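Submitted below is the structure of interest, expressed as structure tokens.
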């Protein structure tokens with residue numbers, strides 16, 4: 001059995017050694033060399049360079065002068081972990097560290113003069129097939145994760161100002177991301193784009209439910225419920241969700257399915273409304289039966305094990321703990337932890353590798 005508390009400490013120390021800064025699969029557009037050339041103006045070249053950095057098993061970031069940096073979403077996840085460590089141990093060192101990072105998150109939110117409400121984006125430019133997102137432009141996933149972290153930190157520390165930022169994030173989602181869509185509303189991933197991505201929309205709905213409960217905002221609660229209903233109705237008969245509504249989003253993958261289930265469960269716990277019980281039950285059943293191997297691998301796709309990605313393991317553990325508890329799922333949870341530590345951990349750095357593919361392991 002893996003001693004998860006000891007390993008947690010080793011991983012935390014490794015992250016702290018880099019001051020919570022690191023590389024990201026999508027950070028290649030931070031290359032100081034590429035940004036200094038006129039080639040940077042080409043959307044096709046931006047997309048190519050980004051995908052090259054994501055998929056290359058050799059890390060060219062140092063060569064291309066891509067600096068290690070803090071990602072607000074990653075910092076938020078570290079804050080959530082530190083709050084859990086504080087709750088587990090009662091040791092002030094954890095909450096003090098979390099407060100330091102929480103202050104950094106507040107200072108590095110997206111421009112308040114432009115967006116007016118608390119919101120966060122990535123620390124790199126981001127080129128997708130259909131659109132370009134400059135660094136710092138807020139998106140729903142980063143905003144929700146930071147809001148979750150600040151609320152947890154505010155509750156653990158008793159500092160209400162942190163919780164105020166977390167609640168205000170729901171106002172950003174309502175003001176800038178709501179798409180009425182002819183009675184089938186959803187929340188967009190980023191302002192100004194209208195793609196329906198179910199995990200993003202559901203996380204927005206879940207967070208608006210959290211804020212609505214705290215503020216007693218019935219209109220926001222009704223909006224969140226309507227948005228969640230759109231994605232619940234889009235669930236397939238077998239319990240699966242395609243990633244989104246666009247033609248190139250018609251795939252079913254593990255950790256985004258896990259996001260959907262976790263978000264609906266959060267909405268349920270915040271509202272007490274049981275309208276999504278069947279969507280959660282069917283989604284969890286499909287998830288459990290289609291994304292895990294007997295050896296303990298968390299699959300990426302419903303029809304393909306590869307790429308084996310640490311994100312899939314981490315999200316799976318959260319889903320099993322939150323939906324069904326450790327006791328009912330101890331065998332599968334312990335199996336995933338054992339497999340990940342055996343196959344995905346760098347003994348040199350005490351950090352996990354990014355991905356394992358059929359022919360090689362991406363050790364970034």
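The values are calculated or read from the model by the stated rules, or taken from the named source; none is laboratory data. What you see is a predicted model, and the numbers here were worked out from it, not measured in a lab. Cβ: placed from backbone, ideal geometry, glycine included. Neighbour counts: every protein chain shown.
Which count do you get for residues in segment 226-235 that are assigned to a helix (DSSP H, G or I) and surrounded by fewer than 19 Cβ atoms within 10 Å (Cβ to Cβ)?
Of the residues in that region, 3 qualify.
If residue 66 passes every condition in (1) touching a strand residue (DSSP E or B) at 6+ places or on another chain (Cβ under 9 Å); (2) without any contact (Cβ under 8 Å) to a residue 60 or more places away in the chain but one, which one does it miss?
Just one mismatch for residue 66, condition (1).
Kindly provide the set of residues from segment 314-364 that are under 20 Å from the mean Cα position of the chain (by Cα), in a helix (DSSP H, G or I) and in contact (Cβ under 8 Å) with a residue 60 or more places away in the chain, ordered by number.
Once the filter is applied, which keeps residues that are under 20 Å from the mean Cα position of the chain (by Cα), in a helix (DSSP H, G or I) and in contact (Cβ under 8 Å) with a residue 60 or more places away in the chain, segment 314-364 yields 315, 316, 318, 319, 322, 323, 337.
Can you run down the residue pairs with Cβ atoms below 8 Å, 6 or more apart or on separate chains, where the first is in segment 262-276 and touching a residue at least 60 places away in the same chain (Cβ under 8 Å) and the partner is part of a loop (DSSP other than H, G, I, E, B)?
Every condition considered, the pairs that remain are 264/276; 267/273; 267/276.
Table: residues versus (1) under 24 Å from residue 323 (Cα atoms); (2) in a helix (DSSP H, G or I); (3) modelled with pLDDT of 95 or more.
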{"site": "172", "(1), (2), (3)": "no, yes, yes"}
{"site": "193", "(1), (2), (3)": "no, no, no"}
{"site": "203", "(1), (2), (3)": "yes, yes, yes"}
{"site": "214", "(1), (2), (3)": "yes, yes, yes"}
{"site": "224", "(1), (2), (3)": "yes, yes, yes"}
{"site": "237", "(1), (2), (3)": "yes, no, yes"}
{"site": "248", "(1), (2), (3)": "no, yes, no"}
{"site": "251", "(1), (2), (3)": "yes, no, yes"}
{"site": "256", "(1), (2), (3)": "yes, yes, yes"}
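Moving to a separate point now. Output the qualifying pairs, or none if there are none: Cβ atoms under 8 angstrom, residues six or more apart or on different chains, first residue in segment 206-226 and more than 16 Å from residue 186 (Cβ to Cβ), second residue surrounded by fewer than 15 Cβ atoms within 10 Å (Cβ to Cβ) and modelled with pLDDT of 95 or more.
Going by the 8 Å Cβ cut-off, the qualifying pairs are 212/218.
Which of the helices (runs of 4 or more DSSP H) contained wholly in segment 1-112 include at least 3 residues that are crowded, with 17+ Cβ neighbours inside 10 Å, modelled with pLDDT of 95 or more and under 18 Å from the mean Cα position of the chain (by Cα)?
So the answer is 72-89, 92-107.
Could you check segment 208-223 and list, in sequence order, the residues that are over 19 Å from residue 164 (Cβ atoms) and either touching a strand residue (DSSP E or B) at 6+ places or on another chain (Cβ under 7 Å) or surrounded by 22 or more Cβ atoms within 10 Å (Cβ to Cβ) (or both)?
223
Which ones in segment 315-363 are crowded, with 19+ Cβ neighbours inside 10 Å and farther than 19 Å from residue 255 by Cα?
Residue satisfying the conditions is 351 alone.
What number of residues in segment 135-160 are in contact with a strand residue (DSSP E or B) (Cβ under 7 Å, 6 or more places away or on another chain) and in a helix (DSSP H, G or I)?
Selection size over segment 135-160: 2.
Somewhere in segment 117-129, is a residue modelled with pLDDT of 95 or more, over 26 Å from residue 315 (Cα atoms) and surrounded by fewer than 21 Cβ atoms within 10 Å (Cβ to Cβ)?
yes
Determine whether residue 197 is farther than 25 Å from residue 98 by Cα, touching a helix residue (DSSP H, G or I) at 6+ places or on another chain (Cβ under 9 Å) and buried (at least 17 other Cβ atoms within 10 Å of the Cβ).
So residue 197 passes the test.
Also, I was wondering about something else. May I ask you to list the residues in segment 262-311 that are within 22 Å of residue 344 (Cβ to Cβ), part of a helix (DSSP H, G or I) and over 18 Å from the mean Cα position of the chain (by Cα)?
288, 290
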